[in-house]
Amino acid sequence: MNLVKLKQAEKAFLRRYPGGFDNPEIIVTRVKKHKPDQMIALARDSFSKEKFLHPDLIVQNMLKVISRSSIISVFEKPRFKDFANALSPQEKDFLSTGLEQVLHGDEQTGFEMMLDLMKTYRLAKWSLMTVCQTYFYPQRDVFIKPTTVKGVIRYFELENLQYKPTPSWAFYQAYRSAFHEMKSRLDPSLSPTNPAFSGFLWMSIQGEF
């Protein structure tokens, strides 16, 4: 990790936006565009443990979260809708169990279950694989947006991390660890949530402040 670049980015962001993500200008933009509090509340209600007694409901709730998310592209939303509608009852149960494990059990097992099913439908996309848990655990989990992640790895010189288009648990775990390490080195005002910190990293590599 290039800590010098990271601290330079912190300094530039706080100079442009005093108070970090508590800056009024940032608050207005963030709340208006991303609605973080609403999305977190939606995910926590949609994926509470008792809801997993009903796999069909879980799949519909996944669709609801993805369709309302500002961080999922307009191209991926209809593809996930088609995927959700095409699933058999057994596949819905499998997908629901996978997400349940990610959120309430063995993360790796759940991640790989979801990945196996999405690969079958050629829908194994990083964004779709990581969005629900990012809203459910906004301080633990990390949304993987390929353009952002590739840029962060390159610009901040994250060692031993090689991005690949096909999702894998090994990469997710390694990137999440590096992400939290970066977050721990900077002012807490830059990371009210992990999606917000991802936004800071993206703006840093784009030179937007």
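Computed quantities for the displayed model
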| quantity | calculated |
| --- | --- |
| Which numbered condition Thr109 fails, given (1) of a type outside the set (Asp, Glu); (2) open to solvent by 10 Å² or more (accessible area, probe 1.4 Å); (3) in contact (Cβ under 8 Å) with a residue 24 or more places away in the chain | (3) |
| Positions within the range 1-37 being in a helix (DSSP H, G or I), without any contact (Cβ under 8 Å) to a residue 24 or more places away in the chain and not acidic (Asp, Glu), in sequence order | Val4, Gln8, Lys11, Pro24, Ile26, Ile27, Val28, Thr29, Val31, Lys32 |
| Every residue from the range 1-38 that is closer than 12 Å to Ala196 by Cβ and surrounded by 15 or more Cβ atoms within 10 Å (Cβ to Cβ) | Phe13, Tyr17, Gly20, Phe21, Asn23, Ile26, Arg30, His34, Pro36 |
| Among (1) farther than 30 Å from Val4 by Cα; (2) under 17 Å from the mean Cα position of the chain (by Cα); (3) aromatic (Phe, Trp, Tyr) - the single one Tyr121 does not satisfy | (2) |
| So Thr97, is it free of Cβ contacts under 8 Å to residues at least 24 places away in the same chain and surrounded by fewer than 20 Cβ atoms within 10 Å (Cβ to Cβ) | no |
| Residue within the range 43-52 that is in contact (Cβ under 8 Å) with a residue 40 or more places away in the chain, over 30 Å from Gln162 (Cβ atoms) and more than 17 Å from the chain's Cα centre (by Cα) present | yes |
| Residue selected from the range 130-154 under the condition hydrophobic (A, V, I, L, M, F, W, C) and more than 21 Å from Glu112 (Cβ to Cβ), by the criterion most open to solvent (accessible area, probe 1.4 Å) | Ile153 |
| Selection status of Thr148, of a type in the set (Ser, Thr, Tyr) and in contact with a Phe, Trp or Tyr (Cβ under 6 Å, 6 or more places away or on another chain) | yes |
| Filter result (open to solvent by 30 Å² or more (accessible area, probe 1.4 Å), closer than 17 Å to Asp93 by Cα and not basic (Lys, Arg)) within the range 56-81 | Asp56, Leu57, Gln60 |
| The lone exception for Phe197 - which of (1) of a type in the set (A, V, I, L, M, F, W, C); (2) surrounded by fewer than 20 Cβ atoms within 10 Å (Cβ to Cβ); (3) within 19 Å of Phe21 (Cα to Cα) it fails | (2) |
| Among the candidates Leu103, Leu161, Leu190, residue that is within 22 Å of Ile58 (Cβ to Cβ), in contact with a Phe, Trp or Tyr (Cβ under 8 Å, 6 or more places away or on another chain) and open to solvent by less than 60 Å² (accessible area, probe 1.4 Å) | Leu103 |
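The values are calculated or read from the model by the stated rules, or taken from the named source; none is laboratory data. Just so you know, these numbers come straight off a predicted model, no measurement behind them. Virtual Cβ from ideal backbone geometry, glycine too; neighbours counted across all protein chains shown. Please note that ligands, DNA and RNA were not included when accessible areas were found on the heavy atoms of the full protein model with its side chains. Shrake-Rupley method; radii C 1.70, N 1.55, O 1.52, S 1.80 Å.
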